[in-house]
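Student: Here it is, the structure in full.
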Amino acid sequence: QVQLVESGGGLVQPGGSLRLSCAASGVTISTYVMYWYRQAPGKERELVATINPGGSTDYASSVKGRFTISRDNTKNMVYLQMNSLKLEDTAVYYCKAVRFGVSFWGQGTQVTVSS
């Protein structure tokens, strides 16, 4: 059974940092494209960051320069380092793994940016 479990969310002040983690089990993520998405209240889920098996990355324009996606295939983990957080980064953040058109999602972790 494939499971993706996100952690690391919480409450942070504007300008602060958080590091999200996505732990995979039941699947070896080294050959998967891994994504971080987020969904704010009343909004559609949006793609935040992508990392390919080779390590190349891509980011939404709204987070470029502030967020960094990384992977540790030896630990079967994916991370999202979030710096200079803004109020508008408040959302539930989801991890997604995709290979050959098959997708797996985590349950999400809440990130709240508030003063």
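Student: Using a 1.4 angstrom probe on heavy atoms only, work out the carbon and sulfur share of the accessible area of the chain in %. Mind dumping the intermediate values first?
Tutor: Values: 2860 of 5920 Å².
With neighbouring chains kept in place, the figure for the chain is 48 percent.
Student: Which percent of Cα-Cα pairs in the chain sits in each 10 Å bin, short to long?
Tutor: P(r) for the chain, in whole percents per bin: 15, 51, 29, 6, 0.
Student: Moving on to the next point. Rolling a 1.4 angstrom probe over the protein heavy atoms, how many square angstrom per residue are accessible across the chain? Kindly include the intermediate steps, with their values, before the conclusion.
Tutor: Values: 5920 Å² over 115 residues.
Normalised by residue count, the accessible surface of the chain is 52 Å².
Student: With just the Cα atoms defining each centre, how far is the stretch 51-68 from the stretch 86-115? Give it in Å.
Tutor: Value for the Cα centre distance between the two parts: 14 Å.
The values are calculated or read from the model by the stated rules, or taken from the named source; none is laboratory data. Since the structure is predicted, the reported quantities are computational estimates derived from the model, not experimental observations. In case anyone asks, the SASA skips ligands and DNA or RNA and just uses the protein heavy atoms, side chains included. Shrake-Rupley method; radii C 1.70, N 1.55, O 1.52, S 1.80 Å.
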